[in-house]
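The values are calculated or read from the model by the stated rules, or taken from the named source; none is laboratory data. Just so it is clear, the model here is predicted, and its values are computed rather than measured. Because the Cβ atoms are built from the backbone with ideal geometry, glycine has one as well, and the counts that use them run over all protein chains shown.
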Amino acid sequence: MGQLLALHVTPANEQDRAQVEQLARSVQELTGQSVKLAYVDQDYTGEAAQQAAQAHGIELEVVKHTEAKRGFVLLPRRWVVERSFARAARFRRLARDYERLAQTLAGLHFFAFVCLMLPKIFDLIHTGS
């Protein structure tokens with residue numbers, strides 16, 4: 001399962017790639033500079049996004065769509081992100097944007113991912129692994 005490391009909520013009229021620097025900084029602060037590679041979609045192409053991530057020690061690997069795509073195409077590594085979003089969307093408050101404040105929405109996402117990870121933690125504790 002893809003774990004939620006950092007979350008940055010922005011208005012819909014802002015480009016994703018413009019937020020790379022702030023998001024990379026947050027991820028590295030929270031993980032103690034341990035993230036070296038991030039799989040991203042095609043919204044994060046470009047030299048500015050690459051440089052912003054590399055300034056914090058993260059290499060961006062863009063998962064590209066195939067040229068002639070017909071129907072459903074499973075992209076490598078992208079399914080992990082999509083699966084995580086689908087699981088989080090089962091929480092009613094995350095299915096739509098009901099929140100006024102970005103901080104509230106971010107908090108609800110973290111709460112949802114904690115709820116999703118609790119069974120895995122419980123299994124680890126009880127199996128002794």
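Does the range 60-73 contain at least one residue that is surrounded by fewer than 12 Cβ atoms within 10 Å (Cβ to Cβ), under 17 Å from the mean Cα position of the chain (by Cα) and modelled with pLDDT of 85 or more?
No, the range 60-73 has no match at all.
Quickly run through the range 113-128 and pick out the residues that are over 17 Å from the mean Cα position of the chain (by Cα) and of a type in the set (A, V, I, L, M, F, W, C).
Once the filter is applied, which keeps residues that are over 17 Å from the mean Cα position of the chain (by Cα) and of a type in the set (A, V, I, L, M, F, W, C), the range 113-128 yields LEU118, ILE121, PHE122, LEU124, ILE125.
I'd like to verify a number: residues in the range 5-24 that are over 14 Å from the mean Cα position of the chain (by Cα) and surrounded by 14 or more Cβ atoms within 10 Å (Cβ to Cβ), how many?
1
Could you check the range 72-129 for helices (runs of 4 or more DSSP H) lying wholly inside it with 3 or more residues that are closer than 23 Å to LEU60 by Cβ and free of Cβ contacts under 8 Å to residues at least 60 places away in the same chain?
Qualifying helices (runs of 4 or more DSSP H): 78-88.
Being at pLDDT below 85 and aliphatic (A, V, I, L, M) is true for just one of LEU101, LEU23. Which residue is that?
The match here is LEU101.
Those residues that are touching a strand residue (DSSP E or B) at 6+ places or on another chain (Cβ under 7 Å), within 15 Å of ALA24 (Cβ to Cβ) and part of a helix (DSSP H, G or I), I need them from the range 39-53; list them, please.
Selection gives TYR44, ALA49, GLN50, ALA53.
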